[in-house]
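These notes are about the structure you will find just below.
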Amino acid sequence: MDLQLHKASDKVSVSDAVFGRDFNEGLVHQAVVSYLAGGRAGTKAQKNRAAVSGGGAKPWRQKGTGRARAGTIRSPIWRSGGKTFAAEPRDHSVKMNRKMYRAAMRAMLSEMVRQEALLIVDDVVVDAPKTKQMIAKLNELELNKVLIVTETGDENLYLSARNLIGVDVTDVAGLTPVDLVGSEKVLMTVGAVRAIEEWLA
């Protein structure tokens, strides 16, 4: 298929296999959940009665004191004792194979094309890491909140956009399902389109 270049009369040909697929809501949801779950630390931990210090000796003899039986001062019912059901570090990751992940990315990109939320330009360049230059570039393109995707990382572009609310910059290698789902508009360079076609073909 052919897509119109944003703010230009030229068109660019893109792959139907990547940008012309049907939308699969279940698969997209699974990809987003898998990505977010993989970012969870899962490092919450508490000490059970085996992990707290002390408690090696029986605090008093079994019978004859008039007090309740006790085998350790680190029992969960004692002050400074171990926690009964202590939390342990866990892995929150949700497995999703590569074929499904790529299919989800193709479905999201294709849906953005149908909703006219995917915009393509020849290139996005700023001469220096200046927020003013980025604002001027966005005004020129008549854009406000947007995700800018380039073929490779551009430090000037990233530094120019990091103080702007609703404007994010990433390269193709760093593009995620959450980026696409959370963006109203995606501005992509032609080089990025070609790199994505090579990745998702």
(message) Exactly one of these conditions fails for residue 132: (1) without any contact (Cβ under 8 Å) to a residue 12 or more places away in the chain; (2) farther than 20 Å from residue 193 by Cβ; (3) part of a loop (DSSP other than H, G, I, E, B); (4) not polar (S, T, N, Q). Give me its number.
(response) (3)
(message) For the range 67-112, which positions are among the hydroxyl-bearing types (Ser, Thr, Tyr) and either in a loop (DSSP other than H, G, I, E, B) or modelled with pLDDT under 95 (or both)?
(response) 72, 75, 80, 84, 93
(request) Return yes when residue 116 is among the acidic types (Asp, Glu), loosely packed, with under 13 Cβ neighbours inside 10 Å, closer than 28 Å to residue 1 by Cα and modelled with pLDDT under 95 and no when it is not. (result) yes
(message) I need the full set of residues from the range 28-66 which are among the β-branched types (Val, Ile, Thr) and in contact (Cβ under 8 Å) with a residue 40 or more places away in the chain, in order please.
(response) 28, 32, 33, 43
(message) Let me spell it out: the conditions are (1) surrounded by fewer than 18 Cβ atoms within 10 Å (Cβ to Cβ); (2) touching a residue at least 12 places away in the same chain (Cβ under 8 Å); (3) outside any loop (DSSP other than H, G, I, E, B), and residue 198 meets all of them except one. Which number is the exception?
(response) (2)
(message) Among (1) over 21 Å from residue 108 (Cα atoms); (2) outside any loop (DSSP other than H, G, I, E, B); (3) among the hydrophobic types (A, V, I, L, M, F, W, C), there is one condition residue 41 misses while meeting the rest; what is its number?
(response) (2)
(message) Taking the conditions exactly as written (of a type in the set (Val, Ile, Thr) and part of a helix (DSSP H, G or I)), does residue 12 satisfy them or not?
(response) no
(request) State whether the residues of the range 157-173 include one that is assigned to a loop (DSSP other than H, G, I, E, B), within 29 Å of residue 101 (Cα to Cα) and among the hydroxyl-bearing types (Ser, Thr, Tyr). (result) no
(request) Count, please, the residues in the range 80-97 that happen to be under 11 Å from residue 40 (Cβ atoms) and basic (Lys, Arg). (result) 1
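The values are calculated or read from the model by the stated rules, or taken from the named source; none is laboratory data. Every value quoted in this text rests on a predicted model; they were computed, and no experiment measured them. Here Cβ is always computed from backbone atoms with ideal geometry, including for glycine, and neighbour counts include all displayed protein chains.
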